[in-house]
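J.: There's a structure below that I have some questions on.
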Amino acid sequence: MKLAESSRRKFEVFFRKQFKNEQFQMPAIYFYTGRFTQFLTTTLNIQGITIRRSVFVKPKFVTLLENKKYKIHVELAAHEIAHVLQFEHEGSFRFLFKYFKSFAVNLKQKGNLKSVSRQQAYWEIPFEIQARDIAAKFVEWNKDSQSKNL
Ligand SMILES: [Zn+2]
């Protein structure tokens, strides 16, 4: 499903301020949360994953309301949207290359392949640090809306 226009607009206002660029336009972003996404996020043990403009969110972070509209956890959505913009900014190939290269470098520095090291290596990827930072800022900026969901 496509990100609701009201949410898209909200992110656009936020990122225009963040980037100090009034011309910034949010791309059309699509969220997926079906069975394939459940399988993918469970297998990889993650909350969500972004590939270009497609965001796959673990179903437990998505609520279906009575009016058949979906609500997505705000911080997670902001985090994944930050990755969409990283994809746009770097270009897909360069983004993925840099992402996995820093993961590999971090992992090598940890010196072993235990699950804790993998988690830390992932945590310290610069794109992840930036996405967490942006998500935290968005939550703070958006806190007046009184909702954890979009
Ligand atoms: Zn991430």
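None of the figures in this text is laboratory data; all of them are computed from the coordinates on show. Nothing here was measured: the structure is a model prediction, and the numbers come from that model. Reconstructed Cβ throughout: ideal geometry from the backbone, glycine too, with neighbour counts over all protein chains shown.
J.: How high is the relative contact order of segment 11-150? Use alpha-carbon pairs under 8 Å, at least six apart in sequence, and give a whole percent.
T.: That works out to 21 percent.
J.: Grab the other residues whose beta carbon is less than 15 angstrom from that of PHE39, score K and R as +1, D and E as -1, and report the net.
T.: +3
J.: Given labels modelled 7 Å from the Cα in the Cβ direction, how far is it in nm from LEU40 to GLN23?
T.: My value for the distance between the label points is 3.2 nm.
J.: Need one number: nm distance between label points at ASP144 and LYS110, each 7 Å from Cα along Cα→Cβ, rounded to one decimal.
T.: 4.1
J.: Determine the percent antiparallel among the DSSP beta bridges restricted to the chain, to the nearest 5.
T.: Roughly 75 percent of the DSSP beta bridges within the chain come out antiparallel.
J.: Still on this structure, I have one more. Treating only the Cβ of Lys, Arg, Asp and Glu as charged (+1, +1, -1, -1), what charge dipole size does segment 5-150 show about its Cα centre? Round to the nearest 20 debye.
T.: Rounded to the nearest 20 debye, it is 300 debye.
J.: Mind telling me which of VAL105, VAL84, VAL139 comes out most flexible in a GNM of the chain, alpha-carbon contacts under 10 Å?
T.: Per the Cα network of the chain with a 10 Å cutoff, VAL105 tops the list.
J.: Relative to 2.2 N^0.38 Å, what does the C-alpha radius of gyration of segment 65-150 come to as a ratio? Two decimals please.
T.: So segment 65-150 has a normalised radius of gyration of 1.33.
J.: What are the principal axis extents of the Cα atoms in the chain, in Å, biggest first?
T.: Dimensions of the chain along the principal axes of its Cα atoms: 49, 37, 28 Å.
J.: Continuing with the same structure: What does the helix-only formula give at 222 nm for the chain: each DSSP H stretch with n ≥ 4 adding -39500 (n - 2.57), the total divided by the residues, and the result rounded to the nearest 500 deg cm²/dmol?
T.: Per the formula, -18500 deg cm²/dmol.
J.: With the cut-off at 16 Å, report for segment 93-141 the share of all Cα pairs above it, as a whole percent.
T.: 45
J.: Please work out the C-alpha center-to-center distance from segment 116-142 to segment 21-56 and express it in whole Å.
T.: 15
J.: What would the Debye formula give as log10 I(q)/I(0) at q = 0.26 Å⁻¹ for the alpha-carbon point model of segment 54-112, no solvent?
T.: The computed values of log10 I(q)/I(0) come out as -1.00.
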